[in-house]
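Worksheet for the structure shown next.
Bear in mind that the values in this text are calculations on the coordinates, not laboratory data. Just so it is clear, the structure is predicted and the values come from calculations on it, not from any experiment. So basically every Cβ, Gly included, is an ideal-geometry build from the backbone, and we count neighbours across all protein chains shown.
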Amino acid sequence: MSTPSVYPPSEDFVRKAHVQGMKGYLDLYRRAEQDPETFWGEIAEREIHWFEKWSKVLEWNPPFARWFAGAKLNVSYNCLDRHLTTPRKNKVAILWEGEPGEQRALTYQELHRLVVRFASVLQSRGYKAGDRAIIYMPMIPELPIAMLACTRLGIIHSVVFGGFSAEALKARIQDLGATLVITADGGFRRGKEIKLKPAVDAALEECPGVRDAIVYRRTGSDTPMKQGRDLWWHELDEHATEDCPAVPLDSEHPLFVLYTSGTTGKPKGILHTTGGYLTHVTATMQWVFDLKEEDTYWCSADIGWVTGHSYIVYGPLAGGATSVMYEGAPDYPQFDRWWRIIEKYRISILYTSPTAIRALIRQGDQWPNAHDLSSLRLLGSVGEPINPAAWEWYNRVIGKGRCPIVDTWWQTETGGILIAPMPGAVPAKPGSGTLPMPGIIPDIVDLKGFEVGTDQEGFLILRRPWPGMIRGIWGDPERFREQYWTRVPGSYFTGDAARRDADGYFWVLGRVDDVMNVSGHRLSTMEVESALVRHPAVAEAAVVGKPHEITGQAVCCFVTLKKGDYSHEQLGKELRQWVAHEIGAFARPEEIRFTDALPKTRSGKIMRRLLREIVTNNSVTGDVTTLEDLSVVTKLAAQQDEE
Ligand code: WTA
């Protein structure tokens with residue numbers, strides 16, 4: 001292994017940073033390690049507004065944690081109301097740009113007003129703490145408004161990414177037992193309307209528990225409304241009031257459930273609660289993004305994924321930031337849309353994904369070079385390992401060598417960032433998430449749970465509970481225990497392979513379970529397989545992730561067919577479309593390979609290891625990750641398979 005380059009922050013950056021130099025980082029880290037409860041208790045007290053204090057910071061009965069239990073707070077109050085008595089009152093909270101070009105700048109005061117109005121509507125329709133709402137919306141301000149209105153009343157929300165199909169939406173509504181759906185007619189992407197309401201209509205045919213579907217008019221296209229169920233947001237707003245105070249909720253009150261892919265065909269509802277989650281995302285906004293009052297911060301994720309929850313909505317707003325939201329595609333109308341946005345709003349912090357970076361690299365440096373990006377001071381990356389070539393480009397072409405890059409490792413389950421450099425303290429190494437956040441004790445172990453040595457690959461685990469951690473899988477405590485806590489008893493099993501170098505830096509290599517990472521979106525091989533075998537022509541299917549130059553991994557399916565006469569070309573197209581229909585367009589397979597039989601063990605288990613090797617060895621087309629890393633992940637994954 002060659003020694004990677006090291007990039008320390010500039011003296012100027014360090015001088016202005018919240019956490020300065022390695023000493024600053026180590027002081028925090030050691031304090032948290034020695035006495036995590038006092039450490040987190042102080043942060044919670046300083047950063048969050050509580051209606052009532054806790055008596056104990058943490059109750060830990062593995063795998064069940066309760067943070068600040070008994071204390072009372074409200075997330076919407078923390079993100080809005082408390083700023084209104086400060087100079088932030090007239091600061092822009094959400095700075096939004098629609099794909100067609102409209103702009104909205106909602107100040108904290110204005111955002112508060114809209115949230116209160118919508119919460120009053122929900123309240124008047126009888127929704128209350130503990131009820132569940134599904135939110136299925138485009139990237140418009142009404143999406144965070146709906147989330148914040150729910151949290152104001154204690155309604156548990158589950159945002160479903162707009163790219164999911166009616167089938168996937170239905171499964172989530174049913175699993176959650178939602179009684180309310182909040183949606184829109186559609187949104188804009190690549191100049192076209194992407195309709196959402198038809199998927200809601202299809203899903204709701206089999207969801208009798210849903211009383212109301214509230215529809216925001218975004219595109220204005222023709223939208224049939226079902227009498228007695230569908231309601232226009234703007235019509236309800238006519239009867240809204242501006243008197244709807246935030247409800248004090250227990251710190252462990254469920255805040256949201258976010259569905260993510262696991263290792264079975266059924267997505268799991270990851271449960272996050274109130275006080276610990278908010279403390280964690282607020283603290284990491286400062287530690288990792290070094291958030292300052294004057295920053296204009298842009299996280300380019302979709303709010304349908306956890307990154308958008310924690311780092312577009314809750315973390316930034318609790319921290320009083322100006323959070324930028326953009327509705328559409330990065331290449332519309334041209335490949336410089338993002339750079340135009342940065343130049344226009346003088347964005348200072350950009351947080352995006354390696355997939356997006358690689359896609360933009362391919363279009364050429366002339367696009368970013370044509371714009372003034374000098375407002376940027378910090379860059380971030382999330383969702384998948386970033387390959388060093390993409391890191392270097394991000395640093396050189398976007399950051400002009402001036403901006404530290406924070407490569408942030410975390411998961412839907414972890415709620416917030418766990419491994420990342422504090423930019424004014426920890427020198428970066430391209431491809432490494434560097435060092436853990438205070439209070440986080442990661443370790444790398446072998447199959448038996450023993451710590452491996454320096455530079456050895458193994459399974460990444462977390463030894464201690466942290467405030468933003470997953471509290472459970474909705475409706476399935478057994479799966480929660482079994483999936484995360486049995487491998488190394490008492491420790492959280494991440495499902496990722498990693499190694500630690502001689503400086504203690506973590507290098508996350510990828511998943512060791514049957515979860516693929518396509519464009520930074522988690523997708524289970526089993527979910528795609530179940531979708532495929534629902535097609536009448538398919539006998540069996542095995543799905544693996546295949547290395548892909550832009551998206552990190554692509555979906556590759558091996559399929560055996562039932563007896564019949566098929567045109568492979570035609571059927572291949574049909575099956576790709578079928579998967580998009582069953583799950584969502586982002587899950588559309590890159591490749592369908594027809595085969596007479598699938599390789600199996602004597603006990604009849606499909607040997608994914610072999611398939612993974614096949615697709616890995618004959619298709620590495622560029623600098624994705626190093627081949628060495630891929631083979632490690634394959635090897636570790638195989639050990640798991642063969643257990
Ligand atoms: C991967 C996204 C390497 C990892 C926040 C993890 C990463 C999964 C990184 C979680 C990173 C995320 N470096 N790998 N900086 N960030 N991952 O739940 O495999 O959508 O387990 O959460 O993405 O994906 P999720």
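A compact table of results
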| read-out | value |
| --- | --- |
| Electrostatic dipole magnitude of the chain [Cβ: Lys, Arg +1; Asp, Glu -1; Cα centre; debye, to 20] | 320 debye |
| Test item: Cα-centred dipole of the range 1-114, Lys/Arg +1 and Asp/Glu -1 on Cβ, debye | 320 debye |
| The chain: antiparallel DSSP beta bridges as a percent of all, rounded to 5 | 60 percent |
| Relative packing of 97-106, 350-359, which averages over residues the other C-beta atoms within 10 Å, highest first | 350-359, 97-106 |
| Value of Rg/Rh across the range 134-237 [Cα atoms, Kirkwood radius] | 0.92 |
| Estimated FRET transfer efficiency (LYS56, SER567; beta-carbon r; R0 60 Å; 0.05) | 0.35 |
| Distance between modelled label sites at GLN577 and ILE441, nm, 7 Å Cα→Cβ extension | 5.6 nm |
| Proxy reagent accessibility, fewest Cβ within 10 Å first, across PHE164, PHE335 | PHE335, PHE164 |
| 3J(HN,Hα) from dihedral phi, the range 401-407, Karplus parametrisation 6.51/-1.76/1.60, rounded to Hz, x for glycine, proline | x, 9, 9, x, 10, 9, 8 |
| Sparse-neighbourhood loop sites, chymotrypsin sites (Phe, Trp or Tyr not before Pro) in the range 33-71 - DSSP loop, at most 15 other Cβ within 10 angstrom | PHE51 |
| Qualifying lysines (Cα of each under 16 Å from Cα of LYS23; at least 8 residues distant if same chain) | none |
| Percentage, to the nearest whole number, of Cα pairs in the range 330-400 over 15 Å apart | 49 percent |
| Segment HIS49-ALA597, length gained on full extension (0.36 nm per residue, minus Cα span) | 191.3 nm |
| DSSP-loop GluC sites (Glu not before Pro) across the range 242-341, with at most 14 other Cβ within 10 angstrom | GLU242, GLU293, GLU294 |
| All lysines inside 26 Å of LYS170 as judged from Cα atoms, apart from same-chain residues fewer than 8 positions distant | LYS128, LYS192, LYS195, LYS197, LYS226, LYS266, LYS268, LYS573 |
| For peptides 475-483, 192-200, sequence by mean Cβ density within 10 Å, most packed first | 192-200, 475-483 |
| nm² value of the averaged projected area, convex hull over the Cα atoms of the chain | 27.6 nm² |
| Long-range amide H partners of ILE135 with built H, under 5 Å | SER158, VAL159, VAL160, ILE182 |
| Unsatisfied cross-links (Cα-Cα over 31 Å) in the set LYS89/LYS400; LYS344/LYS546; LYS53/LYS91 | LYS89/LYS400; LYS344/LYS546 |
